[in-house]
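Here's the structure we're looking at; comments come further down.
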Amino acid sequence: MCQHSSSPPSLTTAQKLSYGVGHVLNDLCASMWFSYLLVFYHLVVGMNNLMAGNLMLLGQIADALSTPFVGLEADNQRALGSCGLYFGRRKIWHLIGTCSVAVSFPFLFMFCPGFPSVSPVALFIYYAPFVVIFQFGWAATQVSHLSLIPALTSDENLRVELTSIRYAMTVVASIIVYTATWLLLSFDENGRAAVSNIGEQDAVVFRNLALIMLGIGLCFSAIFHIGIKEPSLFRSTECSASVNSHCEAEQCISTMDNVAKQDAPTLMTWRDWLKNSQFYQVEMHCSASQ
């Protein structure tokens with residue numbers, strides 16, 4: 001027997017801050033991606049402009065395809081099975097995205113095996129999978145983190161506060177990246193002031209910068225997962241007895257599905273979105289700002 005519980009209580013200051021730092025890894029990686037990826041590939045790796053630009057274009061295409069997929073799956077109560085039910089269907093996608101970024105991002109700022117005796121096409125083939133995995137992970141983390149706000153609270157003021165903390169941390173992350181880059185490029189391996197232009201000798205700088213940003217971001221991601229508990233299906237229901245069988249679990253899921261369908265407003269289809277003028281306004285605003 002399942003009973004639907006009331007809405008989640010107000011968030012504590014610690015929970016607000018824990019949520020706010022949940023996107024720091026993405027922010028750190030995005031600052032490096034947009035600011036230094038082409039610099040690294042063109043000046044350090046020696047890749048021609050066409051190949052370097054195509055790698056960034058490939059990443060943006062992967063991001064465009066991954067974002068709607070993750071958005072649909074993050075709202076699917078049955079996605080990822082029991083992991084999504086107990087851990088939270090949005091937090092599990094955040095974790096998947098974080099792991100994807102962690103295993104791919106450092107390789108974007110490292111030499112490929114056999115360098116420099118590698119053709120431009122081979123360089124593209126080597127970096128392309130890491131670009132796709134990174135952009136998928138970035139999209140999964142971003143979408144799941146943003147979509148968690150309505151699940152955490154129904155208070156409009158609190159939602160605005162969470163969004164404000166999130167974007168404040170975006171600014172902090174950008175400052176961290178630019179400051180760290182300036183410090184690392186200003187001194188050579190012996191601690192003396194660097195005087196040469198950016199080139200192949202700076203490969204270790206970009207590698208260390210990527211690893212440092214990844215380490216900082218993973219620490220903040222851990223704080224997010226420890227400090228935030230998503231109101232998941234089983235945490236938002238009270239069962240008269242512990243769910244010891246698959247049958248009982250399915251009954252709980254079916255009951256909550258029926259309640260959700262009764263309480264949920266009419267959802268917009270993709271055709272409805274295409275008829276909404278605000279959709280195009282937001283799209284143009286985001287495109288122009290980027």
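The values are calculated or read from the model by the stated rules, or taken from the named source; none is laboratory data. Note that the structure is a prediction, hence the values are computed from the model and not measured. Reconstructed Cβ throughout: ideal geometry from the backbone, glycine too, with neighbour counts over all protein chains shown. Side chains are part of the model used for accessible areas, which takes the heavy atoms of the whole protein and leaves out ligands, DNA and RNA. Shrake-Rupley method; radii C 1.70, N 1.55, O 1.52, S 1.80 Å.
State whether the residues of region 118-127 include one that is exposed (fewer than 14 other Cβ atoms within 10 Å of the Cβ) and outside any helix (DSSP H, G or I).
yes
Residues in region 25-54 that are of a type in the set (A, V, I, L, M) and either buried (at least 20 other Cβ atoms within 10 Å of the Cβ) or without any contact (Cβ under 8 Å) to a residue 60 or more places away in the chain (or both): how many? Let's see the steps before the verdict.
Going through region 25-54, the residues of a type in the set (A, V, I, L, M) turn out to be 25, 28, 30, 32, 37-39, 43-45, 47, 50-52.
Okay, now just the ones that are also either buried (at least 20 other Cβ atoms within 10 Å of the Cβ) or without any contact (Cβ under 8 Å) to a residue 60 or more places away in the chain (or both), so 25, 28, 32, 38, 44-45, 47, 50, 52.
Matching residues across region 25-54 total 9.
Would you please name the residue that is farthest from the chain's Cα centre (by Cα), looking only at residues in region 128-165 that are hydroxyl-bearing (Ser, Thr, Tyr) and open to solvent by 20 Å² or more (accessible area, probe 1.4 Å)? It would help to see each step written out before you state the result.
Filtering region 128-165 down to residues hydroxyl-bearing (Ser, Thr, Tyr) leaves 141, 144, 147, 153-154, 163-164.
This time we only want the ones that are open to solvent by 20 Å² or more (accessible area, probe 1.4 Å), so: 147, 154, 163-164.
Numbers: Ser147: 12, Ser154: 23, Thr163: 15, Ser164: 17 Å.
The selected residue is Ser154.
Quick one: what pairs do we get from region 175-189, first residue within 17 Å of Phe40 (Cβ to Cβ), second modelled with pLDDT of 95 or more and open to solvent by 60 Å² or more (accessible area, probe 1.4 Å), C-beta under 8 Å, 6+ apart or different chains?
Here the result reads Ala180/Ile212, each pair linking region 175-189 to a residue that is modelled with pLDDT of 95 or more and open to solvent by 60 Å² or more (accessible area, probe 1.4 Å).
If I ask for residues that are at pLDDT 90 or above and more than 17 Å from Glu230 (Cα to Cα), which ones from region 68-97 would you list?
Correct list: empty.
Leu65 - would you say it is out of contact with any Asp or Glu (no Cβ under 8 Å at 6 or more places or on another chain), modelled with pLDDT of 90 or more and open to solvent by 40 Å² or more (accessible area, probe 1.4 Å)? Don't jump to the end; show me each part of the working.
Details: out of contact with any Asp or Glu (no Cβ under 8 Å at 6 or more places or on another chain): yes; modelled with pLDDT of 90 or more: yes; open to solvent by 40 Å² or more (accessible area, probe 1.4 Å): yes.
Considered against the rule, which asks whether it is out of contact with any Asp or Glu (no Cβ under 8 Å at 6 or more places or on another chain), modelled with pLDDT of 90 or more and open to solvent by 40 Å² or more (accessible area, probe 1.4 Å), Leu65 comes out as yes.
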